[in-house]
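S.K.: Let me give you the structure first, and then I'll get to my questions.
The values are calculated or read from the model by the stated rules, or taken from the named source; none is laboratory data. In this text, all values refer to a predicted model and were calculated from it rather than measured experimentally. Backbone-built Cβ (ideal geometry, glycine too); neighbour counts: all protein chains shown. These accessible areas exclude ligands, DNA and RNA; they are computed on the full protein's heavy atoms, side chains included. Shrake-Rupley method; radii C 1.70, N 1.55, O 1.52, S 1.80 Å.
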Amino acid sequence: TYDGKIPECSIVDYPRFQYRGLMIDVSRNFRDKNFIKKQIDAMAALKLNRLHLHLTDAAGWRMQIDRYPRLTEFAAWRKGGSWKNWDNKYCEATDPEATGGFYTKDDLRDIIRYAADRYITVIPEIEMPGHSEEVLAVCPELSCAGKPYVSGEFCLGSEATFVFLENVLTEVTELFPSEYIHIGGDEVSGQAWASCPKCRARMEREGLGSAQELQAYAIRRIGRFLEARGRKLIGWDEILDSGPMPDAAVMSWRGEEGGRRAAALGHDVVMCPGSHCYFDGFQDNPE
């Protein structure tokens, strides 16, 4: 019978999953700092320990970058409400119809501290090489067309693209202590690269036979840059479509198979199949 006493013993316990995460897409639907803190409190109650902030995408750039102020003066703002009803054009922050916003570095420091006090790591995502229409509206010289609103992919044949990305990631890694930095890598169209002289020249120099291989070259190059800064690259499961990606972690969003494949190759994997883990899809009648 139980007499109210616990025998002396040792307990070894740990969570089943190292990575217990939530992603918030603040590019498509910007949320202010206090909203993010509320989510962090809820995460802590549920013992979640990774907050993935999707800071950049076509719908808006959300992080202050000192070297490129136009990213938050222009590329963080659009007219209208829902991004789904938006005309894919950006506007000045001073426009009376502007909607959007961004986090200052002090905002992000506050969020990072607040999360760390609750044993949560904040992982930033800087999307590349696609989903980058907002950057190319500000820096059209980084696109294959040399003008805005043509495609969403960086020109991977241009050294200026890598200068930009490394400058941005330098500021990101100076601010975020996270071991992992998310670089996106999903839903990339290689059409612009196929007709771009700079990209074709890069492919010829590097012995790359396809747009997928060109993307893999770019992501491996960014991975080496992050590694030199003591960080690790994490990206969506498309990053493995064109071959090995040494030491990268993989987020499997297009179902479970990509995660299984990545795990079999020795990668750390975060399973987040859209069929089960995305909350932006209608669960019933969309009305």
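S.K.: Being under 22 Å from Asn29 (Cα atoms), at pLDDT 95 or above, within 17 Å of the chain's Cα centre (by Cα) and open to solvent by 30 Å² or more (accessible area, probe 1.4 Å) narrows it down to one residue among Trp253, Trp236; which is it? If you could, list the steps in order and put the result at the bottom.
M.R.: On the way: Trp236 fails: open to solvent by 30 Å² or more (accessible area, probe 1.4 Å).
Result of the check over Trp253, Trp236: Trp253.
S.K.: Is it true that Ser27 is among the hydroxyl-bearing types (Ser, Thr, Tyr) and at pLDDT below 95? Please lay out each step first, then the result.
M.R.: On the way: among the hydroxyl-bearing types (Ser, Thr, Tyr): yes; at pLDDT below 95: no.
Answer is no for this residue.
S.K.: Count, please, the residues in segment 81-126 that happen to be among the hydroxyl-bearing types (Ser, Thr, Tyr) and surrounded by 13 or more Cβ atoms within 10 Å (Cβ to Cβ). Step through it out loud before you land on a result.
M.R.: Within segment 81-126, the subset among the hydroxyl-bearing types (Ser, Thr, Tyr) is 82, 90, 94, 99, 103-104, 114, 119, 121.
This time we only want the ones that are surrounded by 13 or more Cβ atoms within 10 Å (Cβ to Cβ), so: 90, 99, 103, 114, 121.
So the answer is 5.
Yes or no, residue by residue, for (1) modelled with pLDDT of 95 or more; (2) buried (at least 20 other Cβ atoms within 10 Å of the Cβ); (3) in contact with a Ser or Thr (Cβ under 8 Å, 6 or more places away or on another chain):
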| residue | (1), (2), (3) |
| --- | --- |
| Phe164 | yes, yes, no |
| Ser178 | yes, yes, yes |
| Ile183 | yes, yes, no |
| Ser189 | no, no, yes |
| Lys198 | yes, no, yes |
| Ala201 | yes, no, no |
| Leu214 | yes, yes, no |
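S.K.: Now for a separate question. Just to verify a result, which residue in segment 35-65, among those that are basic (Lys, Arg) and part of a loop (DSSP other than H, G, I, E, B), is farthest from Thr173 (Cα to Cα)?
M.R.: Taking segment 35-65 first, the residues basic (Lys, Arg) are 37-38, 47, 50, 62.
Imposing the further condition that a residue be part of a loop (DSSP other than H, G, I, E, B) reduces the set to 47, 62.
Values: Lys47: 26, Arg62: 16 Å.
Per the stated criteria, the residue is Lys47.
S.K.: Is one or more of the residues making up segment 40-59 among the β-branched types (Val, Ile, Thr) and over 20 Å from Pro177 (Cα atoms)?
M.R.: Of the residues in segment 40-59, the ones among the β-branched types (Val, Ile, Thr) are 40, 56.
Then keep just the ones that are over 20 Å from Pro177 (Cα atoms); that gives none.
Taking every residue of segment 40-59 in turn, none turns out to be among the β-branched types (Val, Ile, Thr) and over 20 Å from Pro177 (Cα atoms).
S.K.: Also, quick follow-up: Just to check your reading of the model, which residue among Ala160, Ala228, Ala194, Ala145 is more than 19 Å from the chain's Cα centre (by Cα), open to solvent by 30 Å² or more (accessible area, probe 1.4 Å), within 21 Å of Met63 (Cβ to Cβ) and aliphatic (A, V, I, L, M)?
M.R.: Working: Ala228 fails: within 21 Å of Met63 (Cβ to Cβ); Ala194 fails: within 21 Å of Met63 (Cβ to Cβ); Ala145 fails: within 21 Å of Met63 (Cβ to Cβ).
Just one listed residue meets the conditions, Ala160.
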